[in-house]
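Enquirer: Handing you a structure now.
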Amino acid sequence: AQETMLLLLIGIAANLLAFLLDHLIETLVAQRARTAQSESSFLHSYAVWTGSALLSCTISAMCVDFIGPASAGSGIPQMKSVLAGMRVHDYLSVRTLCAKMLSLVFALAGGLSVGKEGPYVHITACAAALFMRMPGFRRIARDDGLKRQMLSVG
């Protein structure tokens, strides 16, 4: 029963987080476009569009650097290591989750060609790890086999 409830929570959280990320990216890109189009000349418009892209990408890099260095990279190779039994410090923490989400939003809103799939794997695995820390699911977290299964669901 605990496993089923945890699977349900992970699925709901994954969908809500994906929706939130897509909505934030769409909102930031629309705001960048509105701001750039409101300029009087093409040159000013181009400068605002390019400058906002640079700013957004810089913020993305700073999120990884200052909030959660463990959030660097796609997420899939590190998850393979975690599922193989390797312990990576802070890889599934709240800080890493926040840094990964913020950096992904700002990178994509800034126009970087970054795939969402790898970061989504990492983000949902972080959510699964957070759920397993809740009092009702600690039994699952203590069992390495079940823990790996739940992390792989993410």
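The values are calculated or read from the model by the stated rules, or taken from the named source; none is laboratory data. As the structure is a computational prediction, the values presented were derived from the model and not from experiment. Positions of Cβ are generated from backbone atoms using ideal geometry, with glycine treated the same way; all protein chains shown enter the neighbour counts. Protein only, heavy atoms only, side chains kept; ligands, DNA and RNA dropped before computing areas. Shrake-Rupley method; radii C 1.70, N 1.55, O 1.52, S 1.80 Å.
Enquirer: Checking the conditions here, which among ALA1, ALA30, ALA14, ALA18 is of a type in the set (Gly, Ala, Ser), more than 30 Å from GLY136 (Cβ to Cβ) and out of contact with any His (no Cβ under 6 Å at 6 or more places or on another chain)?
Expert: From the options ALA1, ALA30, ALA14, ALA18, the qualifying one is ALA30.
Enquirer: Among what's in the range 18-39 and is assigned to a helix (DSSP H, G or I) and of a type in the set (Ser, Thr, Tyr), pick the residue that is farthest from LEU108 (Cα to Cα). Step through it out loud before you land on a result.
Expert: Start the filter on the range 18-39 by keeping residues that are assigned to a helix (DSSP H, G or I), which leaves 18-37.
Now narrow it down to the ones that are of a type in the set (Ser, Thr, Tyr): 27, 35.
Details: THR27: 11, THR35: 17 Å.
The extreme case among them is THR35.
Enquirer: Quick one: which of VAL48, VAL82 is among the aliphatic types (A, V, I, L, M), over 22 Å from ASP22 (Cβ atoms), in contact (Cβ under 8 Å) with a residue 60 or more places away in the chain and assigned to a helix (DSSP H, G or I)? Working first, answer last.
Expert: Numbers: VAL48 fails: in contact (Cβ under 8 Å) with a residue 60 or more places away in the chain.
After applying the criteria, what remains is VAL82.
Enquirer: Test GLU3 against the criterion of being of a type in the set (D, E, K, R), in a helix (DSSP H, G or I) and modelled with pLDDT of 95 or more, and give yes or no. Full working, then the answer.
Expert: Values: of a type in the set (D, E, K, R): yes; in a helix (DSSP H, G or I): yes; modelled with pLDDT of 95 or more: no.
Answer is no for this residue.
Enquirer: Looking at (1) of a type outside the set (Phe, Trp, Tyr); (2) more than 30 Å from TRP49 (Cβ to Cβ); (3) open to solvent by 40 Å² or more (accessible area, probe 1.4 Å); (4) under 12 Å from the mean Cα position of the chain (by Cα), which is the one condition that is false for LYS116?
Expert: (2)
Enquirer: Continuing with this model, one more query. So TYR91 clears everything in (1) surrounded by 14 or more Cβ atoms within 10 Å (Cβ to Cβ); (2) part of a helix (DSSP H, G or I) except one condition, right? Which one?
Expert: (2)
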